[in-house]
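The values are calculated or read from the model by the stated rules, or taken from the named source; none is laboratory data. Every value quoted in this text rests on a predicted model; they were computed, and no experiment measured them. Ideal geometry is used to build each Cβ from the backbone, glycine not excepted, and the neighbour counts take in all protein chains shown.
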Ligand code: SF4
Ligand code: SF4
């Protein structure tokens, strides 16, 4: 309010509850221009880099591929194709370790690059996009493999198709980049502002919308200036003053969370469990906008992205333009290698990113940052102490939850209570955990509770299904019995015909009833199917980088330890299955082995399943080799 | 990069806060008020604090041992120290050492540890310890010293105690031979006021009756309150506490006082007098804000603080005790979970009515 009085040219901004100021550490990596990362000798391209159904490989070992050629085709509506980031030969199509919190492997196409880097055949550029049918443009975006590049990786074409019953008033472009350390969007906006704005124009056309707000935190003055200029030029060119507005927003974590940014810029709140389209808003990341421009105006699929390689654990933090599939290790090497003291390697930011155990994993479409943290930057928080109910967590929670109550009930595994306290509105931003004086790994508890809740939901559904199947079987048996009797009666009646009319009627009623029952049986399945994309959308709606990691029961122990032990136990067990002597597992390993045995497939299967539509094929075949062999190179890579 | 056992979930950023830091800030914030207390009421205050801290830390360590848990982390969070300090600041500077021991044992062993240790105690341990003594040994816990204000001492023929005298009194219960209890002790201003009001004196007469009264309230006491207030502001600044509880607490007390004072200023003391003459300021900033036993929702904290203030006024005016911070805090501790339940914040994206 005050702002609009003092500064009438400034649009009004709103606040969200909580949030925290963190040392932004962006100066580490945003000084120089971005550089093209060296083309690696091998590209490891995961088939699933999006939320939704995994795509199907359409190349085989030995195939020659050109840059931009489709490697895998989307399966279903919520899915995305994958393209060859450079030319070369396919040398393997197999599970490889991918950057995912579960640490599991997933199918990848491995390309030995030939260094020529020649483009294959590309679809025609569509510079006259304003004359094109939105559906056509959406299809172009879909076939270009574009997914949310802020970290959520939800297929963009789906987001750009809210349906006729959800008219979109505002397109919001997320350039907030609120996480510390990350500067790839900053550099992208400085260097490719015009392309981003072109992408915005395309998306405005697709959505049939005349209003776009670009939110950028005020700690990025150069990006702000570049974007303002580009937006103004575009508006003049289109003869639509003020159509695209660049808004400077105060730096406060997590203002780049989708729901938070929407609140800041429009004052509207995305309904709990809802998606932005319900309030007439579509939100896309600046990187996505740029990719849209490339796809529509140049016909180029998404094969490259800006990646920040930073943290004091690498020699020379910097931003790169990286081909998808480039191993993280290559980027670290390009950045001067490890400085020696490495606490952990993280994909994403320090607040919401996830730790990876191996730098062999490739960069994916959603990987905005590779963060090498030293012990000084990411100190071990130590043993958690009891909650002292100080309420600091509630003060900073952007979802306005009561994290201490959530923690309390999550610890007690009271799944109904955690949902009463709105567990599913938690965006896992980590604010609560950072300010907690007792150093309780709060987010870990929430993930655990979410995973458990999903599992319970699945069980419930399965039980229902079984019950219905049982009922159907009973009905069928009954019907057969009846038919038998009816036949016998008919035979008798053939001898002495009388009163057949009633029976006929009853049979008709029964048949109708059975039809209805059968329909009912199908219904839950249909509902479940419908739910999947919805859940996806909700997940994409969570702030950038939302993830479903492998979650261990915290059980009063540092949860990580147990989770790790579980992984190790898993590996040990697999080795055991191969006849090898199981590796001695440190700490509570023996218990973990038991647990892993007890949990068995559940531990393995649960990971991908939780994330709707995630490579469930892979879950059935996480080969022992991939998880044990890769542990070793890991060990050396980190110390190097 | 060996998979290190430990913390794997985000956030990976450094924690910006810790329990021991918070508790140390509280200790630091207590310094000005403590110095003022020592200034006006002598060395007994310091001796009590030292004793209480030692007792509390030893008690905490022993209990942890008995519970089969490591003692060091429990001591290293300084929560026992803060409990001990707050307890020592509420008891009279003459309290025999074994009563201090008893109070601390009750606070630490029964109220804190039997409920599960830090974070689980529904009651404020320091106040529970104090109330336990107040009920069991009402005389010893209400015998106060006169503030070291020369005019007052001269007018009423009182003396102050030296360090050695204080120590002897605390450890042996013996006064120096040349002094009598009458010469060294005095009622607290609130106590005095209650007695005189009950005798039918008006406020004007009471305030004129003795040099015990200063500008707003009891001499010396008002300065103690002032310095505790300063400490409280420091904690607000360091974000160790939030404003809701102290502000609502003082508002509740002052508002209740103001209503009756406006009705009849001769039988009801002015709000300022209530504010500065007892443990109100200490209570508002340091005691009611104890996170473990207070409300955690913001609106709940407003209700909680306000009700404590009002309850203090009610007990001070019509109850059986001259001061009532401890009772009121404990009473509202009981109500805190219920208040929390009815004051949950509206979750982002949910309808206001929810
Ligand atoms: S910040 Fe930590 S200690 Fe404080 S209430 Fe929240 S969970 Fe408990
Ligand atoms: S992680 Fe969840 S509970 Fe914690 S502050 Fe963020 S939204 Fe709130």
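Observations
To keep it simple, each residue is scored yes or no on (1) crowded, with 24+ Cβ neighbours inside 10 Å; (2) touching a helix residue (DSSP H, G or I) at 6+ places or on another chain (Cβ under 6 Å); (3) assigned by TED's automatic domain parsing to the domain that holds residue A:428.
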position: A:283; (1), (2), (3): yes, yes, no
position: A:288; (1), (2), (3): yes, yes, no
position: A:294; (1), (2), (3): no, no, no
position: A:317; (1), (2), (3): yes, yes, no
position: A:321; (1), (2), (3): no, no, no
position: A:324; (1), (2), (3): yes, no, no
position: A:338; (1), (2), (3): no, no, no
position: A:345; (1), (2), (3): yes, no, no
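- Per the listing A:18, A:88, A:103, the residue uniquely in the same structural domain as residue A:258 (by TED's automatic domain parsing) and either buried (at least 23 other Cβ atoms within 10 Å of the Cβ) or within 16 Å of ligand 1 (Cβ to nearest atom) (or both) is A:18.
- Apart from one condition, residue A:240 fits all of (1) surrounded by fewer than 19 Cβ atoms within 10 Å (Cβ to Cβ); (2) assigned to a loop (DSSP other than H, G, I, E, B); (3) touching a helix residue (DSSP H, G or I) at 6+ places or on another chain (Cβ under 7 Å); the exception is (3).
- Scanning segment A:425-453 for residues that are away from chain B (no Cβ under 11 Å) and either near ligand 2 (Cβ under 8 Å from one of its atoms) or crowded, with 24+ Cβ neighbours inside 10 Å (or both) yields a count of 1.
- Selection from segment A:369-392 of residues that are more than 8 Å from every other protein chain (Cβ to nearest Cβ) and buried (at least 23 other Cβ atoms within 10 Å of the Cβ): A:369, A:370, A:372
- Residue within segment A:194-206 that is farther than 26 Å from residue A:128 by Cβ and either part of a helix (DSSP H, G or I) or assigned by TED's automatic domain parsing to the domain that holds residue A:276 (or both) present: no
- Residue in segment B:12-19 that is part of a loop (DSSP other than H, G, I, E, B), under 30 Å from residue A:26 (Cα atoms), more than 16 Å from ligand 1 (Cβ to nearest atom) and at the interface with chain A (Cβ under 9 Å from one of its Cβ atoms) present: yes
- Any chance residue B:283 is buried (at least 22 other Cβ atoms within 10 Å of the Cβ), in contact with a helix residue (DSSP H, G or I) (Cβ under 7 Å, 6 or more places away or on another chain) and within 24 Å of residue B:112 (Cβ to Cβ): yes
- Residue check for residue B:104: surrounded by fewer than 19 Cβ atoms within 10 Å (Cβ to Cβ) and either away from chain A (no Cβ under 14 Å) or within 16 Å of ligand 1 (Cβ to nearest atom) (or both): no
- Residue within segment A:405-424 that is part of a loop (DSSP other than H, G, I, E, B), modelled with pLDDT under 90, within 15 Å of ligand 2 (Cβ to nearest atom) and touching a helix residue (DSSP H, G or I) at 6+ places or on another chain (Cβ under 9 Å) present: yes
- Leading residue by the ranking (surrounded by the most Cβ atoms within 10 Å (Cβ to Cβ)) among those in segment A:394-424 that are within 8 Å of ligand 1 (Cβ to nearest atom) and at the interface with chain B (Cβ under 9 Å from one of its Cβ atoms): A:404
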